[in-house]
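Structure first, commentary second.
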Amino acid sequence: MTDLTPLATDVLHLARAKGLKIATAESCTGGLIGATLTEIAGSSDVVDRGFITYSNDAKMEMLGVTPKTLDTHGAVSEQVAAQMAQGALDRSNAQITVSVTGIAGPGGSDFKPEGRVCFGLAQDGYATATQTVEFGPLGRAHVRRATVETALTWLQERLKR
């Protein structure tokens, strides 16, 4: 596995250069995206906060995900990822947020297999974007790490605009 410090450092540098604060909304990673960013000294001027919303109740209470969206699409869906990202934007002092919800494993189903992760990205002045990545049954630790890397890479790409 590669070290994510250079990627996280670049995300912080890019956000800092644009005067933006970052917030995270995490389910399957349990705060690992925020932890990766805050591992770097000086990150407090860029990282506003992180929401760890592992349960559906937490997603609803902390981020405003609607019961209807959860009932209709399930927690592992782009619709929920979008509401998580937007909720983090609305409930923080950040101008850009990333969200993740998925099935790190073990387990899953034919409908929602192990390794499926849905991502959301919300930023002031932009439409909320989503994507789904099928990492496959790599094992829990590898799916979570790949999720952190993907989220940070997506933030990096957006911040380079």
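The values are calculated or read from the model by the stated rules, or taken from the named source; none is laboratory data. Bear in mind the structure is a predicted one, so any value in this text is a computation, not a measurement. Glycine also receives a Cβ, built like all others from the backbone with ideal geometry; neighbour counts cover every protein chain displayed. Side chains are part of the model used for accessible areas, which takes the heavy atoms of the whole protein and leaves out ligands, DNA and RNA. Shrake-Rupley method; radii C 1.70, N 1.55, O 1.52, S 1.80 Å.
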So for region 12-31 (the condition being open to solvent by 60 Å² or more (accessible area, probe 1.4 Å), under 20 Å from THR153 (Cα atoms) and aliphatic (A, V, I, L, M)), does at least one residue qualify? yes
Of (1) small (Gly, Ala, Ser); (2) within 24 Å of THR38 (Cα to Cα); (3) open to solvent by 60 Å² or more (accessible area, probe 1.4 Å), ALA146 fails just (3)
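Residue-wise test of (1) under 21 Å from LYS112 (Cα atoms); (2) acidic (Asp, Glu); (3) within 14 Å of the chain's Cα centre (by Cα).
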| residue | (1), (2), (3) |
| --- | --- |
| THR24 | no, no, yes |
| GLY30 | yes, no, yes |
| GLY34 | no, no, yes |
| LEU37 | no, no, yes |
| GLY42 | no, no, no |
| GLY50 | no, no, yes |
| THR53 | yes, no, yes |
| GLY64 | no, no, no |
| GLY74 | yes, no, no |
From LEU63, LEU70, grab the single residue that is aliphatic (A, V, I, L, M), touching a strand residue (DSSP E or B) at 6+ places or on another chain (Cβ under 7 Å) and modelled with pLDDT of 95 or more. LEU63
Members of region 32-46 found to be surrounded by fewer than 21 Cβ atoms within 10 Å (Cβ to Cβ) and β-branched (Val, Ile, Thr), listed by number: THR38, ILE40
Of all residues making up region 83-127, the number that are open to solvent by 30 Å² or more (accessible area, probe 1.4 Å) and either within 18 Å of GLY50 (Cα to Cα) or assigned to a strand (DSSP E or B) (or both): 10
